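Before any comments, here is the structure.
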Amino acid sequence: MFGDRRVEMKSPEQVRKMRAAGLVVGRTLELLRGAVAPGVTTAELDRLAEEHIRSHGAVPSFLGYSEPPFPASICASVNEEVVHGIPGARRLEEGDVISIDCGAIVDGWHGDAAITVPVGEVRAEVTELLRVTEESLWAGLAAVRNGGRVTDIGHAVETSVRAAGDYGIVEDYTGHGIGTSMHMSPDVPNYGRPGRGPRLRPGIALAVEPMVVLGDQETGVAEDEWTVVTLDGSWAAHYEHTFALTPDGVWVLTALDGGRERLTALGAPYGGED
Ligand code: MG
Ligand code: MG
């Protein structure tokens with residue numbers, strides 16, 4: 001999984017540039033969270049996102065990405081869609097959940113984050129799925145230590161989910177290194193043994209993104225060649241943050257407060273400059 005590909009290490013100045021990109025992403029997601037409501041289409045959310053990203057001097061990184069080129073500025077994945085959903089004419093309905101993934105580039109540096117948002121009132125087990133998934137993301141972020149290893153993160157994610165109940169953890173997609181590109185070495189899986197993979201050192205920047213489902217973790221790709229769905233139709237949640245490790249600790253670049261509150265509550269060192 002890790003091969004011998006090099007991990008791009010960032011200078012403090014470069015991490016600050018990534019913070020600028022991360023804040024654009026984090027603020028865009030908060031805007032979209034407030035816009036989610038019954039009757040809203042996923043294309044309307046995408047339009048809001050692109051306008052917001054561009055008005056802050058940033059470029060949407062998803063637009064035109066890969067092959068076939070992704071046609072939008074956010075991924076909008078509803079209910080049994082796990083990730084990579086294409087925004088369109090679908091209207092959100094009361095009781096749905098939507099995962100919104102967003103990426104932006106500032107001065108050549110990337111930020112990448114995702115949230116899952118309930119549409120009005122959702123079933124209690126879905127509310128719990130969202131809570132468990134977001135909590136596992138923070139468990140992963142809080143496991144980062146100078147001198148640790150990349151798989152410490154996924155081990156903490158998995159431990160957190162397993163302690164919460166009988167959920168599926170998607171294995172077909174992982175977190176990733178990030179910096180001058182959105183997806184870089186190394187992969188950051190959401191499961192497995194700790195103590196393996198590249199060292200966590202100041203200057204490393206990774207996106208952590210657990211995908212958790214109510215049923216079985218097996219996924220497939222829809223005919224649009226992008227949308228990832230659960231094979232058993234069970235509903236999914238997806239949360240993501242981009243962080244950098246600094247000499248002081250973890251700086252969650254896509255969290256508006258840099259992750260200070262959640263990391264401190266979990267007893268992890270906060271490494272932000274703001
Ligand atoms: Mg993402
Ligand atoms: Mg990502």
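So if I check each of 212, 250, 229, which one is within 30 Å of residue 16 (Cα to Cα), open to solvent by less than 40 Å² (accessible area, probe 1.4 Å) and either away from ligand 1 (no atom under 16 Å from the Cβ) or not in a loop (DSSP other than H, G, I, E, B) (or both)?
Values: 212 fails: within 30 Å of residue 16 (Cα to Cα); 229 fails: within 30 Å of residue 16 (Cα to Cα).
Result: 250 is the single residue among 212, 250, 229 that is within 30 Å of residue 16 (Cα to Cα), open to solvent by less than 40 Å² (accessible area, probe 1.4 Å) and either away from ligand 1 (no atom under 16 Å from the Cβ) or not in a loop (DSSP other than H, G, I, E, B) (or both).
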request  = Name every residue in region 236-247 that is out of contact with any Asp or Glu (no Cβ under 6 Å at 6 or more places or on another chain) and not in a strand (DSSP E or B), in order of residue number.
outcome  = 247
inquiry  = Six or more apart or on different chains, Cβ atoms under 7 Å: show the pairs whose first residue is in region 204-225 and at pLDDT 95 or above and whose second is charged (D, E, K, R) and more than 16 Å from ligand 1 (Cβ to nearest atom).
reply    = 205/10; 214/125; 215/232; 216/232; 217/171
note = For region 141-174 the number of residues that are assigned to a helix (DSSP H, G or I), within 17 Å of the chain's Cα centre (by Cα) and farther than 15 Å from residue 193 by Cβ is 4
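On the given criteria, is residue 100 within 23 Å of residue 256 (Cα to Cα) and within 14 Å of ligand 1 (Cβ to nearest atom)? Please lay out each step first, then the result.
Numbers: within 23 Å of residue 256 (Cα to Cα): yes; within 14 Å of ligand 1 (Cβ to nearest atom): yes.
Against the criterion (within 23 Å of residue 256 (Cα to Cα) and within 14 Å of ligand 1 (Cβ to nearest atom)), residue 100 qualifies.
How about region 167-209: which of its residues are of a type in the set (D, E, K, R) and closer than 22 Å to residue 220 by Cβ?
Just the residues of region 167-209 that are of a type in the set (D, E, K, R), to begin with: 171-172, 187, 193, 196, 199, 201, 209.
Selection gives 171, 172, 187, 209.
Filter region 80-115 down to residues that are touching a residue at least 60 places away in the same chain (Cβ under 8 Å) and in a loop (DSSP other than H, G, I, E, B) and give me whichever is nearest to residue 43 (Cα to Cα).
Initial filter on region 80-115 (touching a residue at least 60 places away in the same chain (Cβ under 8 Å)): 80-86, 97-115.
Imposing the further condition that a residue be in a loop (DSSP other than H, G, I, E, B) reduces the set to 80, 84-86, 107-108.
On the way: 80: 18, 84: 14, 85: 11, 86: 9, 107: 27, 108: 26 Å.
Per the stated criteria, the residue is 86.
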inquiry  = Is it the case, given these coordinates, that residue 127 is within 16 Å of ligand 1 (Cβ to nearest atom) and either in contact (Cβ under 8 Å) with a residue 60 or more places away in the chain or open to solvent by 30 Å² or more (accessible area, probe 1.4 Å) (or both)?
reply    = no
ask   = Out of 19, 33, which single residue is in a helix (DSSP H, G or I), open to solvent by 40 Å² or more (accessible area, probe 1.4 Å) and basic (Lys, Arg)?
value = 33
task = For residue 49, work out the one condition from (1) of a type in the set (A, V, I, L, M, F, W, C); (2) under 30 Å from residue 131 (Cβ atoms); (3) more than 19 Å from the chain's Cα centre (by Cα) it doesn't fulfil.
result = (3)
task = Mind telling me which of the residues 132, 117 ends up being within 16 Å of ligand 1 (Cβ to nearest atom) and among the hydrophobic types (A, V, I, L, M, F, W, C)?
result = 117
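Please determine whether any residue of region 88-109 is more than 16 Å from ligand 2 (Cβ to nearest atom), closer than 18 Å to residue 22 by Cα and among the hydrophobic types (A, V, I, L, M, F, W, C).
Initially, region 88-109 is screened for residues more than 16 Å from ligand 2 (Cβ to nearest atom), giving 88-98, 106-108.
From what is left, the residues that are closer than 18 Å to residue 22 by Cα are 106-108.
Now drop any that are not among the hydrophobic types (A, V, I, L, M, F, W, C), which leaves 106.
The answer is yes, given that some residue of region 88-109 is more than 16 Å from ligand 2 (Cβ to nearest atom), closer than 18 Å to residue 22 by Cα and among the hydrophobic types (A, V, I, L, M, F, W, C).
Report whether or not residue 163 is of a type in the set (Gly, Ala, Ser), in contact with a Gly (Cβ under 6 Å, 6 or more places away or on another chain) and modelled with pLDDT of 95 or more. Give the derivation first.
Values: of a type in the set (Gly, Ala, Ser): yes; in contact with a Gly (Cβ under 6 Å, 6 or more places away or on another chain): no; modelled with pLDDT of 95 or more: yes.
Judged against the criteria, residue 163 is not a match.
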task = Just one of (1) open to solvent by 10 Å² or more (accessible area, probe 1.4 Å); (2) more than 18 Å from residue 113 (Cα to Cα) trips up residue 92, so point out which.
result = (1)
Filter result (more than 15 Å from ligand 2 (Cβ to nearest atom), in contact with a Pro (Cβ under 7 Å, 6 or more places away or on another chain) and open to solvent by less than 10 Å² (accessible area, probe 1.4 Å)) within region 131-149 = 136
ask   = Can you name every residue in region 51-64 that is touching a residue at least 12 places away in the same chain (Cβ under 8 Å) and surrounded by fewer than 19 Cβ atoms within 10 Å (Cβ to Cβ)?
value = 56, 57, 59, 63
task = Kindly list the number of the only condition in (1) out of contact with any Asp or Glu (no Cβ under 7 Å at 6 or more places or on another chain); (2) touching a residue at least 24 places away in the same chain (Cβ under 8 Å) that fails for residue 75.
result = (1)
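The values are calculated or read from the model by the stated rules, or taken from the named source; none is laboratory data. Just so you know, these numbers come straight off a predicted model, no measurement behind them. Here Cβ is always computed from backbone atoms with ideal geometry, including for glycine, and neighbour counts include all displayed protein chains. Heavy atoms of the whole protein, side chains included, go into the accessibility calculation; ligands, DNA and RNA do not. Shrake-Rupley method; radii C 1.70, N 1.55, O 1.52, S 1.80 Å.
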